[in-house]
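The values are calculated or read from the model by the stated rules, or taken from the named source; none is laboratory data. Quick caveat, the model's predicted, so the values are computed rather than measured. Reconstructed Cβ throughout: ideal geometry from the backbone, glycine too, with neighbour counts over all protein chains shown. Just so you know, the surface numbers come from the protein's heavy atoms only, side chains and all, with ligands and any DNA or RNA stripped out. Shrake-Rupley method; radii C 1.70, N 1.55, O 1.52, S 1.80 Å.
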Amino acid sequence: MFKKILIANRGEIALRIIRACRELSINTVVIHSQVDQDSFSTRHADESICVGADPASESYLNMANIISAAEISGADAIHPGYGFLAENSHFAEICETCNITFIGPSKEAILSMGDKARAREIMDREGVPIVPGSKGIINKVERAAKTAKKIGYPVILKATSGGGGKGMRIVENEDELRNLFTSAQNEAKASFGNSGLYIEKYIKSPRHIEFQIIADKRGNVQYLPERECSIQRKHQKLIEESPSPSVDSKLRRRMGKAAIRAAKAIDYATVGTVEFLLDENDKFYFMEMNTRIQVEHPVTEEVTGLDLVKEQICLAAGHPLTPKKSFEPRGHAIECRINAEDYKKDFRPSPGIVTIFNLPGGPGIRNDTAIHSGYEIPAYYDSMIAKIISHGNTRKESISRMKRALDEFEIGGIKTTIDFHRLVMDNPIFLKGKYNTHFIEDEIGL
Ligand code: MV4
């Protein structure tokens, strides 16, 4: 097992990893930027090292300084968390070269899942359902038009180095395709350094259902109950829940087995997430695979009793997957991401000093946060300041606990999305559980 882990991240996920290390009796060293000098994660780690100035490019993305911090502190592993370098195959390779374990999958797995067109081809070869579309990259508009005609409009153009919704275009007909294709290539080149595009049939009103995977370094893979992540705005997830109100045990087993095939196709190890689109006829299609621990992992922990970060660390250290029965979820969990944003003003960021910060608690409530009263929210990083997770025996109980928690949660000095979440918890469509990825624009009108 590792003796010392360097946490190459900040905020709530850095604190979350420190907590897991503490329970495993592993020493921790956390890196930070200048502005994060006195953050909760630096206070709770055994050591902290400043790796650069506030902009992420000079600190949390500064690979050379992070590796130096690992060498200086004698860390034998690095946990990247999510975001920043978590899915950077070059960083994983540098760790390997320096004999520091990267707590995640192999650099090859990160690379292949980072190339979305290649990921589709791998999944198709392994019998994982994919959306009808192009075989690999399409470079010429003529070929794009031919493929689109074959699968039928509307289609969706996607950047192979994009993901998470970036670089996507929905196309209704051939004229639009001919007008959009080149600009989509140029935008992909400008945004991701790779102009490669692929085409898929556009699935109308899909749900975003994702499966947590845990896998050891000996080829054993387990799926855990799904997470419903359809409540998103501009491809930013806002609310997640497990299990999905749309998935019954039979569909769970079918999708879970497909997720295992996906992981085995790339010799996946540690923890990862296979994202699917679920259409209105309960057909599901591989969308993407995320090769990191995700923001929303707590809802899976609440319905399985697992500590996914401890699992991830033990699996990265080469421990075997302790064989588990196929998981049916235990009760129901919901997560609301609380952001420092003014949702009445198009969710614009609301940085500043938090004057009041009283967290909710009581039965079935967990909060994952790294801020406190008096904390100044820096403008350099993402706006999420806390996650509130509720758990209950039923979805109804989980919702009632989330409502209570949101009413208890007091934050002063900045605008937050607490009241937005409170709105959703009262929304009839949400309460029925029959919602899709258009929920925010169609039902909340934001
Ligand atoms: C799609 C789609 C419909 N049809 N692909 C969005 C982010 C990236 N994960 C893929 N996404 C989508 N891909 C096909 N063929 C609709 C979306 C989509 C979406 C998917 C999941 C959750 C929220 C979404 C919001 C808008 C579009």
Residues of region 377-412 satisfying the condition of being surrounded by fewer than 20 Cβ atoms within 10 Å (Cβ to Cβ), of a type in the set (D, E, K, R) and touching a residue at least 12 places away in the same chain (Cβ under 8 Å)
382, 395, 397, 403, 404, 407, 408, 410
Restricting the first residue to region 57-84 and requiring it to be outside the structural domain of residue 17 (by TED's automatic domain parsing), which pairs with a second residue that is assigned to a helix (DSSP H, G or I) and open to solvent by 30 Å² or more (accessible area, probe 1.4 Å) meet a Cβ separation below 9 Å and a spacing of at least six or different chains?
none
Taking the criterion of being farther than 15 Å from residue 287 by Cα and within 11 Å of the ligand (Cβ to nearest atom), would at least one residue in region 153-165 satisfy it?
yes
Any residue in region 283-300 that is within 27 Å of residue 395 (Cβ to Cβ), free of Cβ contacts under 8 Å to residues at least 60 places away in the same chain and not assigned by TED's automatic domain parsing to the domain that holds residue 23?
no
Residue count for region 127-143, restricted to those that are small (Gly, Ala, Ser) and either open to solvent by 60 Å² or more (accessible area, probe 1.4 Å) or near the ligand (Cβ under 9 Å from one of its atoms) (or both):
1
Name the pairs: first residue in region 334-345 and polar (S, T, N, Q), second residue open to solvent by less than 10 Å² (accessible area, probe 1.4 Å), Cβ to Cβ under 6 Å, at least 6 apart or on different chains?
339/417
All but one of (1) closer than 25 Å to residue 58 by Cβ; (2) without any contact (Cβ under 8 Å) to a residue 24 or more places away in the chain hold for residue 374; which doesn't?
(1)
Determine which member of the set 13, 18, 67 is farther than 17 Å from residue 292 by Cα, among the hydrophobic types (A, V, I, L, M, F, W, C) and modelled with pLDDT of 95 or more.
67
Anything in region 149-163 that is part of a loop (DSSP other than H, G, I, E, B) and open to solvent by 40 Å² or more (accessible area, probe 1.4 Å)? List them, or say none.
153
Those residues of region 189-207 which are away from the ligand (no atom under 14 Å from the Cβ) and aliphatic (A, V, I, L, M) amount to 190
Working carefully through the options 53, 45, find the one that is assigned by TED's automatic domain parsing to the domain that holds residue 12 and more than 23 Å from residue 314 (Cα to Cα).
53
Identify, from the list 226, 210, 240, the residue that is within 12 Å of the ligand (Cβ to nearest atom), crowded, with 24+ Cβ neighbours inside 10 Å and closer than 26 Å to residue 322 by Cα.
210
Hits in region 397-446 - residues which are of a type in the set (S, T, N, Q) and more than 23 Å from the chain's Cα centre (by Cα)
400, 427
Only one of these is at pLDDT 95 or above and more than 24 Å from the chain's Cα centre (by Cα): 94, 137, 130. Name it.
137
Among the residues of region 293-302, write down those that are buried (at least 24 other Cβ atoms within 10 Å of the Cβ), more than 13 Å from the ligand (Cβ to nearest atom) and assigned to a loop (DSSP other than H, G, I, E, B).
293
Residues being open to solvent by less than 10 Å² (accessible area, probe 1.4 Å) and either closer than 20 Å to residue 35 by Cα or not assigned by TED's automatic domain parsing to the domain that holds residue 64 (or both): count how many of those fall in region 6-23.
8
Does residue 84 count as out of contact with any Pro (no Cβ under 9 Å at 6 or more places or on another chain), among the aromatic types (Phe, Trp, Tyr) and closer than 23 Å to residue 373 by Cα?
no
The listed residue being out of contact with any Gly (no Cβ under 7 Å at 6 or more places or on another chain), in contact (Cβ under 8 Å) with a residue 60 or more places away in the chain and open to solvent by 40 Å² or more (accessible area, probe 1.4 Å), out of 166, 146:
166
So is residue 46 out of contact with any Cys (no Cβ under 6 Å at 6 or more places or on another chain), at pLDDT 95 or above and open to solvent by 50 Å² or more (accessible area, probe 1.4 Å) or not?
yes
